[in-house]
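Here the structure is laid out as structure tokens; the discussion comes afterwards.
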Amino acid sequence: MDGILYTANFQVEAEKQLSILQGYQPGKPLMVMEFWTGWYDHWAFEHNTRSNEDFAEVLENIVSFPSSVNFYMFHGGTNWGFMNGANIEDDSTDNVGGTIIGHSSIIRGQMKILLKFWRI
């Protein structure tokens with residue numbers, strides 16, 4: 001569609017996903033609208049986590065492609081009790097292991113990775 005910039009949402013396989021996006025709009029800028037830094041949890045199930053190494057590798061692939069990137073979610077959060085999770089039959093949370101909320105060693109690791117890409 002003319003005048004529309006398509007974007008991508010993903011957590012893994014950056015080069016594959018961006019190649020597909022590029023095929024839809026050759027010559028246009030690439031944008032990862034939602035780079036999923038983690039994933040949501042379901043009530044009573046194990047907490048989803050992501051290694052700093054995996055986070056860094058995918059981020060490196062995104063910016064090297066090259067593409068712009070937006071983090072989903074940069075901060076964690078929750079929606080417990082509001083029934084706006086992914087599944088109506090069980091509560092879930094948007095606590096997706098965000099970069100600035102979660103386990104402190106993961107936060108420190110991801111922030112160090114982000115500082116590598118900071119441009120002033």
Task: Residue check, PHE45 at pLDDT below 90 and under 16 Å from the mean Cα position of the chain (by Cα) - done: no
TODO: Could you run through the range 50-86 and say how many residues are polar (S, T, N, Q) and at pLDDT below 80?
DONE: 3
Task: Residue that is modelled with the lowest pLDDT, among those in the range 8-37 that are in a strand (DSSP E or B) and hydrophobic (A, V, I, L, M, F, W, C) - done: TRP36
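The values are calculated or read from the model by the stated rules, or taken from the named source; none is laboratory data. A quick note: this is a predicted structure, and the numbers were derived from the prediction, not measured.
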